[in-house]
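Engineer: Please read through the structure below; I'll follow up with questions.
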Amino acid sequence: HPGCGTSFPGGSMFMDSFWQDAHTKEWRENLFYPFASSEEWQFSSWCMCLGLSMSTIDSLLSLNILSLSFQTAKELRACVESLPGRPPWLCEHMKLDYPTRRSIRLFYHPALECLQSLLSHPLLSPHISFVPWKVWTLTTHVCHTYEDWLSGDHTLPIQ
């Protein structure tokens, strides 16, 4: 659409920080680094998402069913912790005007960092658009279909 929003260079994207990491060479050769393969990454993800104890993971790894680049839960944890991070959790103690039995704590992610993480993620970027559009049911432009805010009447004049 002519006159739509302009993109300004200079910001860093997720992949910019990804490629500036100390392990860039390994990631260029193996997309799943620090894991040896897609299968090893899937197995590691499965182990970590189940919430298994370190001793249970060690017992599982001691079976030698799979050929893995790590032998212990500690080595697996080190691989996972070397991956790029996400916005941190923050905690704020709430002061109220009335007494409570326990102190009230609010846990949250910084909103700006969450938005930056989402907007710069390479898998999400094809699905994010800030360009307004109109959808018509007929070629005569008689009936306008509204899908979301960007397909509304107020977004084009704002641009």
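Engineer: Considering only residues that are in a helix (DSSP H, G or I) and of a type in the set (A, V, I, L, M), look in region 68-78 and name the one that is surrounded by the most Cβ atoms within 10 Å (Cβ to Cβ). Even if it seems obvious, please write down each step before you answer.
Structural biologist: Pass one, region 68-78, residues in a helix (DSSP H, G or I): 73-78.
Filter once more, so that each one left must be of a type in the set (A, V, I, L, M): 73, 76, 78.
Working: ALA73: 20, LEU76: 24, ALA78: 12.
Step by step, filter region 68-78, then rank; the result is LEU76.
Engineer: For region 111-125, which positions are among the aliphatic types (A, V, I, L, M) and surrounded by fewer than 13 Cβ atoms within 10 Å (Cβ to Cβ)? Talk me through it step by step, then tell me what you get.
Structural biologist: Let us first name the residues in region 111-125 that are among the aliphatic types (A, V, I, L, M), namely 111-112, 115, 118-119, 123-124.
Result: ALA111, LEU112, LEU115, LEU123, LEU124.
Engineer: Can you tell me which residue within region 91-132, out of those that are of a type in the set (Phe, Trp, Tyr) and modelled with pLDDT of 80 or more, is nearest to ILE158 (Cα to Cα)? Before you say what the answer is, go through the steps one by one.
Structural biologist: Residues of region 91-132 that are of a type in the set (Phe, Trp, Tyr), as a first pass: 98, 107-108, 130.
Among the residues that remain, those that are also modelled with pLDDT of 80 or more are: 98, 107-108.
Numbers: TYR98: 46, PHE107: 36, TYR108: 32 Å.
Per the stated criteria, the residue is TYR108.
Engineer: Just checking, does region 64-79 include any residue being among the charged types (D, E, K, R) and over 28 Å from the mean Cα position of the chain (by Cα)? Give the steps one after another, and end with the answer.
Structural biologist: Here is the first cut: in region 64-79, the residues among the charged types (D, E, K, R) are 74-75, 77.
Right, trim to over 28 Å from the mean Cα position of the chain (by Cα) and you get none.
No, region 64-79 contains no residue that is among the charged types (D, E, K, R) and over 28 Å from the mean Cα position of the chain (by Cα).
Engineer: Residues in region 44-59 that are over 20 Å from the mean Cα position of the chain (by Cα), within 20 Å of GLU81 (Cα to Cα) and assigned to a helix (DSSP H, G or I): how many?
Structural biologist: 5
Engineer: Let me ask something else about it. Starting from region 68-93, take each residue that is more than 28 Å from LEU118 (Cβ to Cβ) and list its partners that are open to solvent by 70 Å² or more (accessible area, probe 1.4 Å) and part of a helix (DSSP H, G or I), counting only C-beta distances under 6 angstrom and pairs at least six apart or across chains.
Structural biologist: What qualifies is ALA73/MET54.
Engineer: Further question: Name the residue that is nearest to TRP46 (Cα to Cα), counting only residues in region 79-110 that are open to solvent by less than 70 Å² (accessible area, probe 1.4 Å) and in a helix (DSSP H, G or I).
Structural biologist: The residue in question is VAL80.
The values are calculated or read from the model by the stated rules, or taken from the named source; none is laboratory data. These numbers come from a predicted model, not from an experiment. Every residue, glycine among them, receives a Cβ derived from its backbone with ideal geometry; neighbour counts consider all protein chains shown. These accessible areas exclude ligands, DNA and RNA; they are computed on the full protein's heavy atoms, side chains included. Shrake-Rupley method; radii C 1.70, N 1.55, O 1.52, S 1.80 Å.
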